[in-house]
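Before any comments, here is the structure.
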Amino acid sequence: LRQPTGSAVGAPLKLQPFQIMIILAFLGPEDEDGLRVVREGLLTLARKNGKTALVASITAALMILHPDNHGLKGQEIQVGAADREQAGIIHQMVERMIQMDNQLGVGERFRSTPSRKTIQHLRTLTTLRCLSSDAHRHHGGNPAVVLLDELGNVSSSAAEEFYSVLTTAFGTQR
């Protein structure tokens with residue numbers, strides 16, 4: 001994956017050791033059937049530690065990986081953000097990571113719809129939906145993965161409802 005923003009845009013994405021540990025903790029452990037053990041986790045980081053970029057890179061990796069290598073097939077990833085602007089930032093970062101990585105040659109396998117903040121893998125039919133915290137609009141989803149970014153910037157009652165709407169739906173996936 002490539003750095004999607006900033007002065008190093010286009011350079012290979014270099015994860016810090018603590019970011020690698022986070023990814024391994026959330027996505028690494030599997031049971032005897034090959035299913036991820038971690039179903040839910042909480043990560044808090046101080047400002048300017050790359051939370052949004054980390055969420056975007058995890059999302060891009062899950063979309064790019066082949067289903068035989070722990071990628072998703074025909075499933076939905078939902079990334080929840082505090083507001084529409086933040087949801088747009090995440091969508092743009094994931095889109096750029098996918099499009100800029102010429103070595104993987106996967107850019108043409110995706111269709112992005114910025115107005116809806118969605119990206120779909122055209123072969124596996126895995127779909128990313130970047131959602132803002134107006135929770136009443138997001139009932140009816142069926143995500144395999146839910147990632148939340150900047151939830152601390154949402155009022156506590158709205159954050160609780162948003163969290164509930166997104167995470168109660170993903171219990172239907174294995």
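Quick notes on this structure:
- Scope segment 101-113; condition of a type outside the set (D, E, K, R) and at pLDDT below 85; matching residues: ASN102, GLN103, LEU104, GLY105, VAL106, GLY107
- Test: residue in segment 86-100 that is surrounded by fewer than 17 Cβ atoms within 10 Å (Cβ to Cβ) and not in a helix (DSSP H, G or I): no
- Taking the listed residues GLY41, GLY6, the one that is under 17 Å from ALA144 (Cβ atoms) and open to solvent by 40 Å² or more (accessible area, probe 1.4 Å) is GLY41, with no other qualifying.
- Unique match (being free of Cβ contacts under 8 Å to residues at least 24 places away in the same chain, in contact with a strand residue (DSSP E or B) (Cβ under 7 Å, 6 or more places away or on another chain) and closer than 24 Å to THR167 by Cα) among VAL37, VAL55: VAL37
The rows are residues; the columns are (1) under 22 Å from CYS130 (Cα atoms); (2) modelled with pLDDT under 85; (3) in a helix (DSSP H, G or I); (4) touching a Lys or Arg at 6+ places or on another chain (Cβ under 7 Å).
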position: ALA8; (1), (2), (3), (4): no, no, no, no
position: THR44; (1), (2), (3), (4): yes, yes, no, no
position: ARG47; (1), (2), (3), (4): yes, yes, no, no
position: LEU54; (1), (2), (3), (4): yes, no, yes, no
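- Any hit, segment 103-112, residues being touching a residue at least 24 places away in the same chain (Cβ under 8 Å), surrounded by fewer than 16 Cβ atoms within 10 Å (Cβ to Cβ) and outside any helix (DSSP H, G or I): yes
- Taken over segment 44-57, the criterion of being small (Gly, Ala, Ser) and surrounded by 11 or more Cβ atoms within 10 Å (Cβ to Cβ) is satisfied by GLY50, ALA53, ALA56, SER57.
- Hits in segment 58-82 (condition: closer than 23 Å to GLU161 by Cα, open to solvent by 10 Å² or more (accessible area, probe 1.4 Å) and in contact with a helix residue (DSSP H, G or I) (Cβ under 7 Å, 6 or more places away or on another chain)): ALA82
- Residue match in segment 23-33 (condition: without any contact (Cβ under 8 Å) to a residue 12 or more places away in the chain and under 21 Å from THR118 (Cβ atoms)): no
- Residues in segment 63-85 that are over 22 Å from SER133 (Cβ atoms) and either in a helix (DSSP H, G or I) or of a type in the set (Val, Ile, Thr) (or both): MET63, ILE64, PRO67, ASP68, ASN69.
The values are calculated or read from the model by the stated rules, or taken from the named source; none is laboratory data. Keep in mind the model is a prediction, meaning the values are calculated, not measured. Using ideal geometry, Cβ is built from the backbone for each residue, glycine included, and neighbour counts are taken over all protein chains shown. Note: accessible area is taken over every heavy atom of the protein model, side chains too, but ligands, DNA and RNA are not part of it. Shrake-Rupley method; radii C 1.70, N 1.55, O 1.52, S 1.80 Å.
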